[in-house]
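Here is the structure we will look at, set down as structure tokens.
Readers should treat all values here as calculations from the given coordinates under stated rules, not as data from a laboratory. Just so we're clear, the structure is a prediction, and the values are computed from it rather than from any experiment. Cβ coordinates were reconstructed from backbone atoms using ideal geometry, including for glycine residues, and neighbour counts include every protein chain displayed.
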Amino acid sequence: MARRVVEPKIRGFICTTAHAAGCAAHVQEQVARVEGKKFPSSGPGTALIIGASTGYGLASRIVATFGAGADSLGVFFERPAQGERTASAGWYNSVALERMARERGRRVWSVNGDAFSDAVKLRSVELLRREFRPVDLVIYSLASPQRTHPRTGQLFRSVLKPVGQGFTSKTLHTDRGVVDTVHLEPASEEEIAATVAVMGGEDWLLWMEALAAAGVLADGVKSVAYGYLGPQLTWPIYRDGTIGLAKKDLERTVDRIDALLRPLQGKAHIAVNKAVVTQASSAIPVVPLYISLLFRAMKERGCHESCGEQMERLFAERLYAKNLPDGAVDGEGRLRLDGWEMDPAVQVEVLRRWQLVTTENLRELGDPDGYGADFLRLFGFGLPGVDPLEPVETESFLETCGGLAG
């Protein structure tokens, strides 16, 4: 197998290359942080993570497997290396996670394919029956720009637009470090419906129905999907926009899943997380500038958290805690992990900076370098101890992969 130097190639909010050794170092860094920490003994024994290869899904799998000691099945749709093209970061992340889990005697399997499809659901059920004890934790953390409906075959594409009226605001071009103005026209009814079809709760419910019908869920099973609220500053593009309507649909699905799990004394949850740099959040206009200002304000107060640190709190202080801390659950029953972000003092400071920020004073008021470093780390670049000029093997294999299903 050939080795070569891999450099980041960034196009807008997308990095088209990934560094295998850097992705492995990023996973190892997260694993090292959770190992040795004390997690509740009531934690999961078998975890299914749908959308397990990057962001909050990857962090959830790491905490479940290496922190709580669970066996895990991860479902994702990632690209292996092809010729001169590197694999996707999620592929390299999953290869590294599998290797580290096997070294520690954990049972891990992966299914690489379209998680919206019936074929992937069926393959996952087969693996759960054959390889695992009943599932007592299901994490739903899919982030995809499109979905082919498994029953009708209709292709839906999501959009990131405001609803009802146009929206003009500041935004950050992260690839150039330029603060500019963006104007977004409102979504059509068809675009709203398509975004809800992709990012709403229907697929989560279909997964839970398939798992329940197959009899692979344990008594007391918990299922969690992830959401975000954020400040009013971002609501026109997020909470009140197309993505927000989809997240509201996701929240409404909780009652239906609760009813489905009631015979097992199970429970469904929405966990509201803090804003972080992910491949998904980088694509949302306005949000990268907000995150840059937020990071600076939170780091100055010593309350900034990564994906992994939030997932540690989700497991230890929310899902499996004997006593919930104040503010852990809001009036709508959502598990809240965004309290430090939404602290009024933090939000007042972010708004003050938002009103002042320009390209010229961005580094004074925000943390664009921290944002950029976090973005590159998603793809395995900028990790300590990883020489970017050292040739790296780009081909790698998922040894416990349950097969590719389109």
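A few comments on the model shown:
- Across the chain, the mean sequence separation of Cα contacts (distance under 8 Å, 6 or more residues apart), normalised by length, yields a relative contact order of 24 percent.
- Low-density loop positions, trypsin sites (Lys or Arg not before Pro), region 307-346 - DSSP coil, at most 10 other Cβ in 10 Å: Lys322
- Descending principal axes extents, region 260-406, alpha-carbon based, whole Å: 59, 48, 30
- Global geometry of region 49-153, whether rounded, prolate or oblate, following the gyration tensor of its Cα atoms and the 1.5 cut on a/c: oblate
- Tensor-based shape of region 174-307 (alpha-carbon gyration tensor, a/c under 1.5 rounded, otherwise prolate or oblate): oblate
- By the rule of a C-alpha distance below 26 Å, with chain neighbours fewer than 8 residues away ignored, the lysines paired with Lys247 are Lys121, Lys161, Lys170, Lys222, Lys267, Lys274.
- Take 344-350, 41-47, 95-101 and order them by the average number of nearby Cβ atoms within 10 Å per residue, most first; the result is 95-101, 41-47, 344-350.
- The spacing between region 297-374 and region 212-252, judged by their C-alpha centroids, is 19 Å.
- Sites Val348 and Lys37, calculated FRET efficiency, Cβ-Cβ separation with R0 30 Å, nearest 0.05: 0.35
- If R0 is taken as 35 Å, the Cβ-Cβ distance between Cys303 and Glu185 corresponds to a FRET efficiency of 0.45.
- Take every pair of alpha-carbon atoms less than 8 Å apart whose residues are at least six positions apart; their mean separation over the length of region 35-122 yields a relative contact order of 28 percent.
- Taking every DSSP bridge with both residues inside the chain, close to 35 percent are antiparallel.
- Pairs of Cα atoms nearer than 8 Å and 6+ residues apart set the relative contact order; for region 58-182 it is 17 percent.
- Gyration tensor verdict on the chain (Cα atoms; rounded if a/c is under 1.5, prolate if a/b is larger than b/c, oblate otherwise): rounded
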